[in-house]
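To keep things clear, I will list the structure first and then write my remarks on it.
The values are calculated or read from the model by the stated rules, or taken from the named source; none is laboratory data. Predicted model only: the values in this text are computed from it and were never measured. Quick reminder, even Gly has a Cβ in these numbers, built from the backbone with ideal geometry, and neighbours come from all protein chains shown. The area values use the complete protein model at the heavy-atom level, side chains included, leaving out ligands, DNA and RNA. Shrake-Rupley method; radii C 1.70, N 1.55, O 1.52, S 1.80 Å.
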Amino acid sequence: MLKHYNLGNLVEIMIWTYVQDVYRFIPHDVWAMYGEVFPYVWSASAFKGAFGETLSVPPVKPHLENNLAWLEVMSKEHGRFREFRGIALTGWQRYDHFATLCELLPAGIPSAALNMLTLSHGYYNETWMQKLYESLQCMKSPKYSTFVNLDVDPYLWDKMSWCFFPGLAFFKMTERLDGVRKSVLQFLQDETVKKAWLTEYNVRHNYSSVSRIDASLSNFPFQYPDVETLIRNARDTLREVFDEYTVAEWIEQNVYPMLRKLDLFRQTAESLKKAAAWPVRPLDPLPELQKYGIGIPTDNPRNV
């Protein structure tokens, strides 16, 4: 059908995939078919927007592996075509119209630079590392006498911390986001899952120790200001590049949920503290469990 409608003389196809094993998704027989129909072909990879729909910063190594794989495939398959035109290095900002934002451009500039240099040279090694550091306006420092290590610095937060490329403030802010998010999630995990006085069970039964709740709330002031500061920092750095709609969407998606979770934690804790009397154990079983035959009273309930 492709030959029948003479599509090869009407369009130039672009073949894209973002995995390391390109042939897994575009096997040899597909390349053979394309070679019979299309004299010109393009490939497409990515420097961001391919390894997680809600990421704030791209993991550089998977993108590099994909680009290196494309270089190998293009070398093997170019003989099937009159010309392999080149490769498009894409950088999605959302996966589709209905999706939330993924990595924004400023967060992906180090990945873009590294992958562009890899593609333009046709290989990845330290022989062109100074071009990388110069392109990102890095300081003259012993820090930049060695190449990047994507195994220990997967987002390049450390290596590019003394560089001055456009968007640096937002790029560094994504590292702060990662730290604050881990801290908040760990705090909530510790206080509502690992400890035994603010679990979902305690909340459903309105049953807890006031002194234990106060102890949990004593750690709360260390979390909330960090999130509010992050909101202000994100606002300021995003406004250097994006319109207010993007600023608001990114903050609502990435930072505001932490504020809501902390607010809910505080409200729940304060509500539990209002109890002035508590029932004697054993507590009434959850009615919703009765459909599984759980919680139906026996003749000899145990007080545990």
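Compactness of the stretch 1-124, taken as the C-alpha radius of gyration over 2.2 N^0.38 Å, stands at 1.13. Every Cα-Cα pair in the stretch 174-304 was counted, and those over 27 Å apart are 40% of them.
Using R₀ = 25 Å, calculate the FRET efficiency as 1/(1 + (r/R₀)^6) where r is the Cβ-Cβ separation of SER145 and ARG176; round to 0.05. Could you put the intermediate results ahead of the total?
Numbers: r = 27 Å, r/R0 = 1.08.
Here the calculated transfer efficiency is 0.40.
Shown are ASP226, ASP284, ASP153, whose ranking by accessible area with a 1.4 Å probe and every protein chain present, most to least, is ASP284, ASP226, ASP153. Could you work out how much longer the chain between GLU228 and THR127 gets when fully extended? Use 0.36 nm per residue separation minus the Cα distance between them, nm to one decimal. Fully extending the segment from GLU228 to THR127 adds 32.0 nm. At q = 0.16, 0.23 Å⁻¹, what is the base-10 log of I(q)/I(0) for the stretch 8-65 according to the Debye formula with one equal point scatterer per Cα and no solvent? Please give it to two decimals. Evaluating at q = 0.16, 0.23 Å⁻¹ gives log10 I(q)/I(0) of -0.61, -0.92.
For the chain, taking Cα atoms only, Rg and Dmax work out to 27.3, 86 Å respectively.
Please check the chain for the longest run free of trypsin sites (Lys or Arg not before Pro) that are loop-located per DSSP (anything but H, G, I, E, B) and have at most 13 other Cβ atoms within 10 Å. Let's see the in-between values first.
Details: sites that count: LYS3, ARG82, LYS140, LYS274, ARG302.
So the longest stretch without any such site is 141-273.
Under 13 Å from the Cβ of TRP92, count the other residues' Cβ atoms, weight Lys and Arg +1, Asp and Glu -1, and hand me the total. Walk me through the intermediate numbers first.
Working: positive: LYS48, ARG94; negative: GLU53, ASP96, GLU103.
Result for the local shell: -1.
Just so you know, the Cα atoms of the stretch 139-211 work out to an Rg and Dmax of 20.4, 61 Å. log₁₀ I(q)/I(0) of the stretch 192-265 at q = 0.12, 0.22, 0.26 Å⁻¹, via Debye over equal Cα point scatterers, no solvent, to two decimals? The computed values of log10 I(q)/I(0) come out as -0.47, -0.94, -1.15.
Report, in deg cm²/dmol and to the nearest 500, the calculated mean residue ellipticity at 222 nm for the chain, where each DSSP H run with n ≥ 4 adds -39500 (n - 2.57) and the sum is divided by the residue count. It comes out at -14000 deg cm²/dmol, rounded to the nearest 500.
Using the Cβ-Cβ distance between HIS78 and TYR256 with R0 set to 51 Å, the FRET efficiency from 1/(1 + (r/R0)^6) comes to roughly 0.60. Evaluating kT/(6 pi eta Rh) at 25 °C and 0.890 mPa s, with the Kirkwood radius of the stretch 47-198 over Cα pairs in the Stokes-Einstein relation, gives 141 µm² s⁻¹. Taking the Cα centre of the chain as reference, the dipole from Cβ charges on Lys and Arg (+1) and Asp and Glu (-1) amounts to some 540 debye.
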